[in-house]
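The values are calculated or read from the model by the stated rules, or taken from the named source; none is laboratory data. This is a predicted model, so every value here is computed, not measured. A quick note on method: Cβ atoms are made from the backbone with ideal geometry, for glycine too, and the neighbour counts reach across all protein chains shown.
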Amino acid sequence: MDEQSEKKMEELTVYWMKAQPAVAAFITSVVRNFQQADDILQLVAVEIVKKFDQYDKSRPFIPWAIGIAKYKILSDLSKTRAGKLIFDTEAVEEIAGGYESEYEIFDDIRKALDYCIQKLKNKSRQIIEMRYCYDLKPSKIASYMGMTVNSVFVTLHRTRLALRKCIEQQLGAKGELL
Amino acid sequence: MIDPQVLISAYFDRILSKKQAAELEKWIKEKPENARLFARLSFMHRCLRDTMIKNDPDKFSFQTSRMASDDSGINLETMITDEDLKLLMDYEKEAPEYMEELEEEDKISPEEVERRKLERSLELRRRKEEIRKYRQIQNHSLYVPVATAVICLLFIVIILLIPRTPATTYVATLTEATELKWGSSESPKKIGFDFKTGAHNLLQGIVKITFYNGAEIFLEAPSEINIKSLTEVHLAKGKLLCKVSKDAIGFIVSTPEASVVDYGTNFGVEVLETGEMEVRVFEGTVDFRKGPNPLLFEKSHKLVAGQIGQINEKGIITVRKISQDEAEKDNTYLDRIPNYWAAGSNKQQNLWNDSKNWTKGIIPDSTTIVRFSKVNIPSEQSPCIIDANHIGNKKATAKRVNIGLKGGPIYLKMTGGEAKFEELWIGRNDGIGIMTMESGKLELTGGHNSLYIGSMGIGATAAKGTLNMNGGNISVLQGDLVLGSSAPKTPPGSSLGTGTLNMQGGSIKIRGKLFLGENKGHGTLNLSGGTIEAGGLTIENGLININKGNFILEGNAEDLVNKLIKDDLIKSSANSTLKVFYDSEGIKGFGKNKTIIYKEK
């Protein structure tokens with residue numbers, strides 16, 4: 001590998017490491033299934049490598065990467081029934097717009113979330129782990145915990161609200177929108 | 001409209017109805033602030049996933065035993081405002097409607113489910129192929145610099161290195177085990193311990209593994225498995241039985257030659273050393289797929305209950321019906337897993353025929369191995385009871401009963417009714433067991449191993465067994481009653497089994513012999529009432545004390561008994577004389593051709 005290529009690779013890696021959480025979150029927000037989102041993330045990464053020469057370095061990288069992810073989802077995935085999306089194209093465009101506006105605060109949210117997760121107590125932590133570590137649906141969590149689907153859902157929702165409030169406290173004025 | 005945040009949560013959890021999805025979509029499109037909030041919350045959702053799987057699984061509180069008792073965490077009640085609670089209540093009010101809609105959505109035909117699975121599988125293949133082709137293009141194209149290809153490949157490697165699932169994580173629990181021996185210290189040693197993903201080599205015994213999603217696996221040694229995830233286990237060698245509930249549909253058992261995808265069934269899988277493999281379906285349907293990868297299979301066959309699918313060493317698949325013999329053989333498979341006593345010592349009614357008192361949730365039957373192995377449960381104050389209600393088709397039955405196996409002291413009391421076991425072991429393998437018989441009828445139908453009291457002390461603590469016979473009848477229909485025994489080749493330093501029979505009433509009839517102190521064990525018979533009758537007598541290491549009651553031996557055993565009395569191995573209390581009488585005509589009322597030993601009045 002020549003010096004120029006090496007530099008290019010380093011540059012791309014740095015960009016991607018920063019952008020990957022936001023791109024992964026955007027894809028997940030639209031397709032929902034974590035496994036499917038990870039598969040698409042790989043395809044998007046391949047696409048980004050292909051198109052890196054077209055990237056205008058005077059503009060931020062993350063919105064550009066999200067744009068590629070959006071195109072990949074809308075052009076490829078929505079054609080198959082297996083990948084049928086809940087939202088229409090306009091809504092996906094809006095969500096991508098939301099990500100492009102908010103990406104600057106994501107790093108702070110992530111750090112705050114790391115702290116707030118540690119403060120989760122027994123039952124809410126247990127259910128959050130089942131939901132996120134093992135990707136179990138509320139119906140399966142309900143059957144494992146001997147709860148109703150509704151009460152599992154309400155616990156998940158309350159835990160998310162609690163985490164959101166904890167993040168707000170951590171971010172102070174920066175997290176106003178949350 | 002429901003609070004959009006509630007809808008977003010329901011959307012993440014994939015339980016949003018069509019109507020609610022339309023509401024959420026409309027809200028997102030309404031104004032940019034809404035899309036921004038959705039972006040933040042969905043970013044938090046994804047971060048939760050990434051953070052949780054990156055954490056050390058040992059820190060997780062998923063398993064109850066590891067749950068932290070920290071009270072300084074987030075208090076959900078105080079973190080939620082009154083307004084939030086009101087909105088949640090609104091959602092809960094609408095929940096019945098949502099549930100109905102969900103049920104409607106769930107009413108898709110099995111064919112549609114299959115079609116969607118196939119579509120998903122083809123989609124995955126297509127994507128993998130796309131990546132493969134892209135790599136080839138990068139490698140061979142004259143127009144793309146080699147350096148770019150290298151960048152691409154390295155870049156993909158970096159992406160692939162980003163953890164998508166935890167390296168190891170807990171996914172299942174050891175819920176039953178018998179004669180357990182693993183090849184690695186990493187595997188769970190005791191019931192209630194959890195399994196991490198990874199390889200487990202079962203050298204001896206049978207285990208039941210219950211996955212957190214409800215799937216159950218019964219694994220028989222020698223077997224090698226690799227628990228790949230919550231929903232997949234790889235069987236490299238050996239035999240397993242899989243029971244999959246509705247909640248765990250889609251559970252996969254992969255093997256080197258084929259995979260079995262479950263649609264909510266009971267099935268068995270066996271992999272031989274030669275590479276041959278077979279799957280037997282006992283209930284429901286499975287998809288039998290050639291090739292170890294369940295998504296990229298060469299061929300698939302749908303197998304229904306009563307069918308066997310096989311792959312021979314040449315990779316040829318055959319499907320046939322299960323024969324009667326094969327079906328019966330597999331029906332006994334589950335029975336080899338013991339049913340443990342599960343009741344707590346504070347229970348008022350520790351009845352044998354109460355299914356809640358057993359770990360399997362079923363009352364033992366004639367094929368069951370029963371174990372009482374906990375410390376002091378059932379206790380002296382609250383023993384397991386077989387009472388007068390255990391009669392006829394409600395009689396207590398079991399293949400083998402172990403009272404105090406590597407545990408104890410364990411107490412079982414028979415106050416009436418009937419019991420029929422093949423074998424009864426009281427105090428076994430360093431365990432302490434005490435059985436009291438007040439009334440009722442106990443039959444032991446096994447061969448040589450019928451009734452062992454205090455046997456095989458193999459550790460630091462001796463096995464101790466006691467039978468207090470105050471009334472009722474015990475019949476050992478074929479075998480022996482052994483009081484105190486140890487293994488034939490007892491390792492140096494091992495303790496020896498000690499057995500005691502305190503007989504104050506009732507009768508014991510042994511078709512085989514009464515054996516005291518087998519293989520250096522020690523046995524004591526204290527006869528102070530009732531009648532004990534045996535086909536023969538051997539005292540290798542032990543003592544018989546006769547103060548009252550009758551001890552009867554088959555045939556003319558006068559010489560043997562007189563020698564044992566002379567050797568002080570059969571004794572009576574001080575200042576008393578033992579009488580030995582051979583009754584050839586049966587004038588004493590115990591039948592003809594008997595030797596009767598009793599204390600002279």
Count, please, the residues in the range B:10-44 that happen to be within 7 Å of chain A (Cβ to nearest Cβ), surrounded by fewer than 19 Cβ atoms within 10 Å (Cβ to Cβ) and within 26 Å of A:Leu136 (Cβ to Cβ). 2
Could you say whether any residue in the range A:113-126 is more than 9 Å from every other protein chain (Cβ to nearest Cβ) and either small (Gly, Ala, Ser) or crowded, with 19+ Cβ neighbours inside 10 Å (or both)? no
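Quick one: would you say A:Leu161 is touching a residue at least 12 places away in the same chain (Cβ under 8 Å), within 7 Å of chain B (Cβ to nearest Cβ), within 19 Å of the chain's Cα centre (by Cα) and under 30 Å from A:Lys70 (Cα atoms)?
Spelling it out, it is not the case that A:Leu161 is touching a residue at least 12 places away in the same chain (Cβ under 8 Å), within 7 Å of chain B (Cβ to nearest Cβ), within 19 Å of the chain's Cα centre (by Cα) and under 30 Å from A:Lys70 (Cα atoms).
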Check B:Lys489, B:Lys406, B:Lys395, B:Lys399 and return the single one that is surrounded by 18 or more Cβ atoms within 10 Å (Cβ to Cβ), modelled with pLDDT under 90 and more than 17 Å from B:Leu501 (Cβ to Cβ). B:Lys399
Given B:Ala39, B:Ala21, which one is farther than 15 Å from A:His157 by Cβ, among the hydrophobic types (A, V, I, L, M, F, W, C), assigned to a helix (DSSP H, G or I) and in contact with a Gly (Cβ under 7 Å, 6 or more places away or on another chain)? B:Ala39
Residue list for the range A:6-27, restricted to those being in contact with a Phe, Trp or Tyr (Cβ under 6 Å, 6 or more places away or on another chain) and under 15 Å from A:Lys57 (Cα atoms): A:Leu12, A:Tyr15, A:Ala19
Can you tell me which of (1) within 26 Å of B:Lys18 (Cα to Cα); (2) crowded, with 19+ Cβ neighbours inside 10 Å; (3) more than 9 Å from chain B (Cβ to nearest Cβ) is the one A:Lys84 doesn't meet? (2)
Can B:Ile565 be described as closer than 22 Å to B:Leu477 by Cα and β-branched (Val, Ile, Thr)? no
Across the range B:13-48, what is the total count of residues that are closer than 27 Å to B:Tyr170 by Cα and at pLDDT 90 or above? 7
Determine if the range B:560-570 includes at least one residue that is in contact with a Phe, Trp or Tyr (Cβ under 7 Å, 6 or more places away or on another chain) and not hydrophobic (A, V, I, L, M, F, W, C). no
The residue that is farthest from the chain's Cα centre (by Cα), considering only those in the range A:87-100 that are touching a residue at least 60 places away in the same chain (Cβ under 8 Å) and more than 7 Å from every other protein chain (Cβ to nearest Cβ), is A:Val92
For A:Ala65, all conditions in the list (1) surrounded by 17 or more Cβ atoms within 10 Å (Cβ to Cβ); (2) facing chain B (nearest Cβ under 9 Å) hold save one; what is the number of the exception? (2)
Does A:Val46 count as among the β-branched types (Val, Ile, Thr) and closer than 25 Å to A:Leu136 by Cα? no
Within the range B:396-420, residues closer than 23 Å to B:Gly512 by Cα, under 21 Å from the mean Cα position of the chain (by Cα) and not β-branched (Val, Ile, Thr) come out as B:Ala398, B:Lys399, B:Arg400, B:Asn402
Residues (free of Cβ contacts under 8 Å to residues at least 40 places away in the same chain, buried (at least 21 other Cβ atoms within 10 Å of the Cβ) and more than 7 Å from chain B (Cβ to nearest Cβ)) located in the range A:17-40: A:Ala37, A:Ile40
For the range A:41-67, the count of residues that are in contact with an Asp or Glu (Cβ under 9 Å, 6 or more places away or on another chain) and touching a residue at least 40 places away in the same chain (Cβ under 8 Å) equals 5
Scan the range B:362-378 for residues that are of a type outside the set (D, E, K, R) and surrounded by 19 or more Cβ atoms within 10 Å (Cβ to Cβ) and jot them down. B:Ile363, B:Pro364, B:Thr368, B:Ile369, B:Val370, B:Phe372, B:Ser373, B:Ile377, B:Pro378
For the range A:69-81, how many residues meet the condition of being more than 8 Å from chain B (Cβ to nearest Cβ) and at pLDDT below 90? 8
Only residues in the range A:130-148 that are within 18 Å of B:Leu48 (Cβ to Cβ) and at the interface with another protein chain (Cβ under 7 Å from one of its Cβ atoms) count as the first member; pair them with residues that are in a loop (DSSP other than H, G, I, E, B) and among the aliphatic types (A, V, I, L, M), Cβ under 7 angstrom, at least 6 apart or cross-chain, and list the lot. A:Met130/A:Leu136; A:Tyr134/B:Leu230; A:Pro138/B:Ile15
Evaluate the range B:183-204: report whether one residue or more is away from every other protein chain (no Cβ under 14 Å), under 28 Å from A:Ala24 (Cβ atoms) and more than 18 Å from the chain's Cα centre (by Cα). yes
What is the residue count in the range B:220-238 for residues that are modelled with pLDDT under 90 and within 25 Å of B:Tyr263 (Cβ to Cβ)? 6
Please state which of the following conditions A:Tyr103 fails to meet, knowing it meets all the rest: (1) free of Cβ contacts under 8 Å to residues at least 60 places away in the same chain; (2) buried (at least 22 other Cβ atoms within 10 Å of the Cβ); (3) more than 7 Å from chain B (Cβ to nearest Cβ). (1)
